[in-house]
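None of the figures in this text is laboratory data; all of them are computed from the coordinates on show. Predicted model only: the values in this text are computed from it and were never measured.
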Amino acid sequence: MPEPNRPIEIRWLSTNTIENVYENILKPRWEQMSSKESISGIRDLHQFDSDINGFITCRRISQSNTTTTHKFRIHTPNVSTISRTPRLSTFESDIFIIIADHDSFRLAQLHSFDHSISLFNVSCFDPPLPASQFTCSKSSHLRNLIISTQHFRAQLIENPVRLVNDDIQITAQQLLDIQKILEED
């Protein structure tokens, strides 16, 4: 059977056999370890040391100064905190969306959506994007804005945090995802 697939064998041995193997085989072999980079008859790589950055260092023998280093990457899907596709059938009041308003983008809270004429009724927040903390706009026009679906840019998958003073704060990841959209538009 090839070396990597060879099964491990277990045997019961007498004390005399173990002492004999130690003196005649293991002890001389261990003495070689300090002077050699590899020992014939053992599997190719013997010792594996990992670190917290995803690297594994491999040695042919435990005392070997020669190592090979391998980087392992665990693939985590990059899940966006916003959706660029409007799900008009699932729009509910109080969700947060990003809209285009003249030359700027704004965070807005949806109050209602009229499917028959594709209009949103929203309240906008200041300052315009990009920002991470917002207050309800002081402009009466922006507090009760009616816009068409053409102004829709994205929907926040999870609503931002409402602070004690009724300000709104988005997460750092939401801000990064919003900035990507702003760069694309």
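Scaling the Cα radius of gyration of segment 108-185 by the globular reference 2.2 N^0.38 Å produces a ratio of 1.12.
What the phi angles of segment 140-148 give under the Karplus curve with 6.51, -1.76 and 1.60, with θ = phi - 60°, is a coupling list of 4, 4, 7, 6, 9, 9, 10, 9, 7 Hz, glycine and proline written as x.
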